[in-house]
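The values are calculated or read from the model by the stated rules, or taken from the named source; none is laboratory data. In this text the structure is predicted, and so the values were computed from the model without any measurement. Here the Cβ positions follow ideal geometry from the backbone for every residue, glycine too, while neighbour counts run over all protein chains shown.
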Amino acid sequence: MKKWFLVLASSLLFVMGYIPAAFAQGDVNCGDFNGNGAAIAKFWVDNGYSATNDPHDLDRDGDGLPCEASQADIDSYRNSLGGATMPNTATNNVTMMVVGAGLAGAGLLLALRRKKGME
């Protein structure tokens, strides 16, 4: 039983190392927007980015304006939303779901095994 558990656990860890790469969003650069302030503002606001949360390094000087877009572009896009939507801050990180399910399953197996040993 221990042998199979070790094989399964090591295989799972090996596979989990490749899962995030398959779902990772490609790196975005300022040149991808061709200077379109409205597109930059939409991407920035929809993903919930800020001067302190900038995974693509679009705001290199930390002033909260990505790719030196104007504050007017960002404010205009936010106003067009009317506060009806929230930024896209959720993740589809499959690795964390797999780890959680694996831990829950391991806990269940341990609980069942312990209960069986008490009888």
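Out of the residues in region 15-40 that are in a helix (DSSP H, G or I) and at pLDDT below 80, state the one that is nearest to residue 102 (Cα to Cα). Of everything passing the filter in region 15-40, 16 is nearest to residue 102 (Cα to Cα). Show the residue pairs that are 6+ apart or on different chains and have beta-carbon atoms under 8 Å apart, the first residue being within region 48-77 and under 22 Å from residue 26 (Cβ atoms), the second being surrounded by fewer than 20 Cβ atoms within 10 Å (Cβ to Cβ) and of a type in the set (Val, Ile, Thr). Within 8 Å, the pairs are 48/89; 56/28; 58/28. The set of residues in region 76-94 being over 13 Å from residue 39 (Cα atoms) and either at pLDDT 65 or above or of a type in the set (Asp, Glu) (or both) consists of 79, 80, 81, 82, 93, 94.
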